[in-house]
Amino acid sequence: MKKFWALIIIVISHLSVSAENGYNLWLKYEPIKDAKLVAAYQENISSLYVYQKSETLDIATKEFITAFKGLTGKSISTSVSIQKNAILFIKTDDLQKLNITHPSPENDEGYLIKSIQHQGKPLTLISSKTDKGLLYGAFHLIKQLQLKQSIFNLNIWEEPKIKHRILNHWDNLDRSVERGYAGFSIWDWHKLPQYTDQRYIDYARANASIGINGTVLNNVNANSLILTDDWLKKVKALADVFRPYGIKVYLTARFSAPIEIGKLPTADPLDEKVQLWWQQKAKEIYASIPDFGGFLVKANSEGQPGPQNYGRTHADGANMLAKALEPYDGIVMWRAFVYDNEVPEDRAKQAFNEFKPLDGSFHKNVIIQVKNGAIDFQPREPFHPLFGALTKTPVMAEFQLTQEYLGFATHLAYLAPLFKECLDADTYAKGENSSVAKVIDGSLYKNQITAIAGVANIGNDVNWCGHPFAQANWYAYGRLAWNHQLSSSAIADEWLNTTFTGLQKTSSTLLKDMMLESRETVVNYMTPLGLHHIMGWDHHYGPGPWIKDKPRADWTSVYYHQADNNGIGFNRTSSGSKATLQYFSPVAQKFDDLKSCPEEYLLWFHHLPWDYKLKSGDSLWDGIVKKYYKGADEVKEMQKTWAAVEHDIDKQTYQQVKQLLTIQSEEALWWRDACVLYFQSFSGKPIPIGLPKPKHNLKYYQDLEFKFVPGI
Ligand code: GCV
């Protein structure tokens with residue numbers, strides 16, 4: 001009999017982790033297996049009490065009721081009076097009316113979750129100035145349950161550090177997604193505005209659960225059609241879905257729209273008719289979307305039109321749009337991702353050169369959007385020198401969640417450590433302790449507008465992000481946008497245990513360690529020691545260190561690695577391009593001086609001979625090769641880790657990740673062998689003893705051709 005029950009338990013536990021398609025992301029409300037804990041939750045949560053109803057609070061309470069039922073099996077509902085063990089949803093202004101006196105966060109989106117005694121009853125109070133804050137509070141309390149944490153003696157005080165926490169979709173109007181690896185765009189433009197997909201609601205729920213409060217719907221390589229009446233109706237339909245979840249809609253504005261859809265002869269920002277056109281356009285947009293967030297603009301970059309086409313500056317262009325949006329509280333996010341092949345200057349320096357002199361000349365509702373590094377979302381880059389350099393203009397950070405340069409949605413790379421590396425970097429702009437995070441949360445220069453952007457990795461794949469673990473990057477971005485002080489480890493813990501609900505402690509630790517190492521692993525097998533931009537031509541799939549002779553030098557790999565028979569690396573020091581000098585002291589000296597330059601940025605800043613001695617005692621050549629081999633070996637370790645947790649993972653996800661890790665492992669070897677052979681053609685040195693030889697010769701790798709690579 002004992003055996004029979006043991007068998008039943010095995011079957012049941014197997015069933016409960018057997019089919020998961022990933023659609024529910026981290027919002028899985030599966031039964032908690034700890035009976036004692038469930039009993040404690042059931043006993044101590046009786047009902048919900050909502051002081052004032054609203055659409056947002058309906059969403060919050062429904063979400064809580066669904067979660068509670070799923071996690072504990074107990075059905076609860078809202079009640080008209082305050083019952084013992086109720087959860088109260090009360091706006092700060094209403095607290096007094098109920099004779100509850102507890103200070104709550106001042107911030108509009110902040111919330112308090114507090115265990116209180118009121119009229120002799122134990123209660124859990126969620127209070128906030130706004131409905132949106134209460135919704136965030138509901139999601140927080142749900143997470144508390146999902147993570148099997150205590151719901152007693154709570155005193156949680158949360159306020160976001162950054163005001164606008166935005167996703168940037170590089171989604172085109174034909175539903176293709178630039179650098180998108182998870183299917184087509186989730187915006188089904190053709191069926192909008194009449195048909196609103198359930199997916200939009202689930203997208204909004206997921207974002208609200210991590211505090212994302214804005215979304216730019218379309219690609220920065222913009223199409224002006226989005227600003228026409230027909231398309232604005234579709235945008236309005238989405239805005240209406242997102243509003244109760246506290247999410248604002250933004251659009252990218254194509255600078256030449258006044259010509260393309262306005263039939264004007266020019267888009268010159270100093271032309272009155274052009275200014276009027278934008279003012280009229282803003283009026284039109286706000287008439288149907290009163291909480292429209294504003295415009296994101298990529299101008300005079302990679303062929304996009306901009307004010308420089310008319311001899312004007314970025315400030316002239318941004319200010320024209322800013323003035324049009326100002327009456328409605330809209331903002332302009334103007335990208336600093338500018339560089340020009342025609343400019344005889346290191347690409348890494350160009351954004352700083354362009355924007356630093358304009359500091360102070362931007363209208364007050366303009367914020368400059370700066371990528372985390374000065375080139376382009378590489379597996380590793382030093383932080384962008386513009387962070388801290390603009391003292392009179394707000395600056396926001398742009399991170400890339402979609403893995404354009406990190407193996408697409410086939411490679412497992414948990415990016416919180418990458419985001420944190422940038423956020424925690426000390427710019428020294430106002431002396432020590434002037435981190436990038438302090439620049440963008442406005443605390444360093446007391447900016448009123450603060451924002452952060454993440455280029456979305458979301459598509460219409462059933463699991464949203466292609467790779468099951470890529471969901472962690474969406475999650476981590478949201479969590480860091482809310483609170484940049486969270487650690488990568490804490491976020492991984494949260495994500496793992498809300499996503500893989502059956503994880504035992506040992507599996508969770510194994511997976512967390514794997515996640516935390518994974519980005520470094522990708523750096524090792526792609527671009528170790530500060531190498532960068534040596535990916536395949538155009539599509540950026542796979543290794544292409546040999547890419548040269550293209551229409552633009554700054555789109556070739558040889559421009560970036562500068563390998564020759566003597567050595568390798570881009571000299572950006574004071575004896576080279578002087579990019580190091582764009583940083584504040586002592587960062588500038590640290591990067592400039594070979595002795596103090598961190599080895600992870602070595603070849604980013606220095607051109608060094610092949611026999612240069614690394615800290616390990618290895619020559620540069622041996623060191624590079626060993627990193628490539630280490631990276632490829634580390635993927636094999638990831639495969640072993642994944643195999644070791646099989647019993648805790650549902651079948652479908654287990655198989656998916658297993659297969660993806662096989663691809664990653666093969667591609668890590670591809671990267672390793674192609675790069676080692678290519679650089680060997682310059683160094684002329686042997687692969688260090690003990691390391692296996694590459695399977696093929698260099699020509700084999702150079703001849704590989706790929707058709708229809710996703711994302712372009
Ligand atoms: C949207 C890189 C990408 C482009 C992208 C651009 C940008 O160059 O390869 O696809 O364009 O960055 O951020 O604007």
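Observations, loosely collected:
- Kyte-Doolittle at least 1.0, axis length at least 30 Å by Cα - qualifying DSSP helices, the chain: none
- All aspartates and glutamates inside 17 Å of Lys233 as judged from Cα atoms, apart from same-chain residues fewer than 8 positions distant: Asp174, Asp188, Asp197, Glu284, Asp291
- Dimensions (Å) - region 571-701, Cα atoms, principal axes, largest first: 56, 36, 26
- Projected-area mean, region 19-158, by convex hull of Cα positions, square nanometres: 8.4
- Scattering profile of region 250-406 at q = 0.09, 0.18 Å⁻¹ [log10 I(q)/I(0), Debye over alpha-carbon scatterers]: -0.29, -1.11
- Pairs of Cα atoms nearer than 8 Å and 6+ residues apart set the relative contact order; for the chain it is 12 percent.
- Across region 188-263, Cα-Cα pairs farther apart than 18 Å form 43% of the total.
- The number of Lys pairs in region 370-516 with C-alpha atoms less than 15 Å apart, excluding pairs fewer than 8 positions apart on the same chain, is 8.
- Straight Cα distances below 17 angstrom link Lys627 to the lysines Lys613, Lys615, Lys636, Lys685, Lys693, with same-chain residues fewer than 8 positions distant left out.
- Globularity index of region 164-499 is 0.94 (Cα radius of gyration / 2.2 N^0.38 Å, N = number of residues).
- Reach of Lys74 by Cα under 23 Å, taken over lysines that are not fewer than 8 positions away in the same chain: Lys28, Lys33, Lys36, Lys62, Lys84, Lys114, Lys121, Lys143, Lys148
- The residues of region 164-499 have, on average, 30 Å² of accessible surface per residue, using a 1.4 Å probe with all protein chains present.
- Rounded to the nearest 20 debye, dipole of region 97-201 from Cβ charges on Lys, Arg, Asp, Glu: 380
- D by Stokes-Einstein for the chain, Kirkwood Rh over Cα pairs, 4 °C, 1.567 mPa s: 48 µm²/s.
- Note on His190 and Glu178: their simple-model spin labels are 2.3 nm apart, each label 7 Å out from Cα toward Cβ.
- Computed as a quarter of the hull surface, the mean projected area of the alpha carbon convex hull for region 529-637 stands at 8.1 nm².
The values are calculated or read from the model by the stated rules, or taken from the named source; none is laboratory data. All values reported here derive from a predicted model rather than from experimental measurement. Glycine also receives a Cβ, built like all others from the backbone with ideal geometry; neighbour counts cover every protein chain displayed. When the accessible area is computed, the model is the full protein with side chains, heavy atoms only, and any ligands, DNA or RNA have been set aside. Shrake-Rupley method; radii C 1.70, N 1.55, O 1.52, S 1.80 Å.
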